[in-house]
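*Asks:* What follows is a structure written as structure tokens; I'll ask about it next.
None of the figures in this text is laboratory data; all of them are computed from the coordinates on show. Note that the structure is predicted; figures quoted are calculated from it, not measured.
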Ligand SMILES: *Cc1c(COP(=O)(O)O)cnc(C)c1O
């Protein structure tokens, strides 16, 4: 349930601000973040894992605006980065490099040098070849590189095939046999300091089972591979904690913590977490204006001014985002609003899809419609066969749960300037990123 996005007197508010007023002032499509929602989630994960006093390394790739990073940094967050560009963002936001961990299968020499120069907490190494390269670079620089080995525990995260990362067939991490050999030979790498091990299973992982399964393997691995040359003092369990988009059963942070903390105790390790989606996801909405309505005799389309370039998750992962007009007198039928009729609403979608759709006005006053964008691709749809109140051209729709992998994955495809991002804090608003202009589109190009 969301407190910071709620309907009052028939209009959607973000904290103390009317969403329609923000849309009128800053234009659409528009990303609107709630500072209280963001910080609330951060505090909630910190509280759940408090016993282990973890380094919480927010996953920059999930939401990389430096204004957002600054808020989290001020709340005590560290950062999980996957590129030199992300390190630059963290430093610009005032982030502490001593709380930065760096993952990624293809780190460049420059990125490795930059990370060592900035004295980050550790590089999470994904292959033997990468470790050799880091050893060589650290030797050249006359320094010792702090690393963790990213282990691939061969555990099924039971999530979307495109976002599962901890199975043997995925490109991520090092299998346990190879990792074992690397650790035994660690003396051959005098410029490496092995600080620990890390995993990241996938995203979202909507149950605690995969963590337990992986940590069982890791606890044994850590016990068997501790030595003066490899103290393995850090255990980094990655991110992947679930988020409520539709009707998922998502463990609370406390439930994840209850599953994980016994292993932390058993290994005696310091804990690192890398949450992204679970912190940022429900801290923002994407607001989009209805441009046209179209009925082709078989189907009804609600054509909006946001496209897959602004929010690619539905097109890329078939993701579900709840959508509702910013003006509405009924409680939106979504679990996000704790609505009693949410299960029924969702069940009817499934029934409609099975019946091949339709377009008639429904007895409950909702119309069955596809919500689509302006991009010249059939995959440019935010929802297919969704029941929405009948809206008029010019009205706004809110696309919920857009804070993670939303703007961060946006592009200028179809030469569309990207939306503005604004932050609401109580009854004040701040532009975190101005809307791009047509000039921005051609920046760096030459005739
Ligand atoms: C993407 C990623 C995360 C964050 O995943 P979420 O599901 O957003 O929490 C954490 N760690 C690594 C290594 C990642 O690649």
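*Asks:* Bin all alpha-carbon pair distances of the range 79-151 at 5 Å intervals from 0 and give each bin's fraction as a whole percent.
*Replies:* Whole-percent P(r) values from 0 Å outward: 3, 18, 33, 26, 15, 4, 1.
*Asks:* Follow-up question, since we're still on this one. Give me D for the range 297-395 in µm² s⁻¹, whole number, from Stokes-Einstein with Rh from the Kirkwood sum over alpha-carbon pairs, 10 °C and 1.306 mPa s.
*Replies:* The Stokes-Einstein estimate is 112 µm²/s.
*Asks:* Could you work out the equivalent-ellipsoid semi-axes for the range 58-217, taking the square root of 5 times each eigenvalue of the Cα gyration tensor, largest first, in whole Å?
*Replies:* For the range 58-217, the ellipsoid semi-axes come out as 24, 23, 12 Å.
*Asks:* Let me check I have the definition right: for the range 178-324, take the eigenvalues of the Cα gyration tensor, multiply each by 5, take square roots. What are those semi-axes in whole Å, largest first?
*Replies:* Equivalent ellipsoid semi-axes, largest first: 44, 17, 12 Å.
*Asks:* Run through all the Cα pairs of the range 1-132 and give the fraction in each 5 Å bin from 0, expressed as whole percent.
*Replies:* 2, 9, 17, 16, 16, 12, 11, 7, 5, 2, 1, 0, 0
*Asks:* Helix-only mean residue ellipticity at 222 nm, the chain, DSSP H runs n ≥ 4 weighted -39,500 (n - 2.57), per residue, nearest 500. What is it?
*Replies:* Value at 222 nm, helices only: -8500 deg cm²/dmol.
*Asks:* What are the equivalent ellipsoid semi-axes of the range 296-337, built from the alpha-carbon gyration tensor (square roots of five times its eigenvalues), in whole angstrom, biggest first?
*Replies:* For the range 296-337, the semi-axes come out at 21, 17, 11 Å.
*Asks:* Report, to one decimal in Å, the Kirkwood hydrodynamic radius for the range 371-447 based on all distinct Cα pairs.
*Replies:* Value: 15.4 Å, from the Cα pair sum.
*Asks:* A further question on this structure: Can you give the extra length, in nm with one decimal, that the chain gains between residue 265 and residue 25 once fully stretched, where that is 0.36 nm per residue apart less the Cα-Cα distance?
*Replies:* 81.2 nm
*Asks:* What angle, in degrees between 0 and 90 and rounded to the nearest 10, separates the Cα long axis of helix 253-267 from the longest principal axis of the Cα atoms of the chain?
*Replies:* 10
*Asks:* With no solvent and one point per C-alpha, what does the Debye sum give as log10 I(q)/I(0) for the range 126-215 at q = 0.16 Å⁻¹?
*Replies:* Once normalised to I(0) and log-transformed, intensities are -0.66.
*Asks:* Separation of the range 35-97 and the range 364-407 by C-alpha centroid, Å?
*Replies:* 30
*Asks:* I'd like the distance separating the alpha-carbon centroids of the range 195-238 and the range 279-324, in whole Å.
*Replies:* That distance is 38 Å.
*Asks:* For the chain, how big is Rg over Rh, using alpha carbon atoms and the Kirkwood form of Rh?
*Replies:* 1.00
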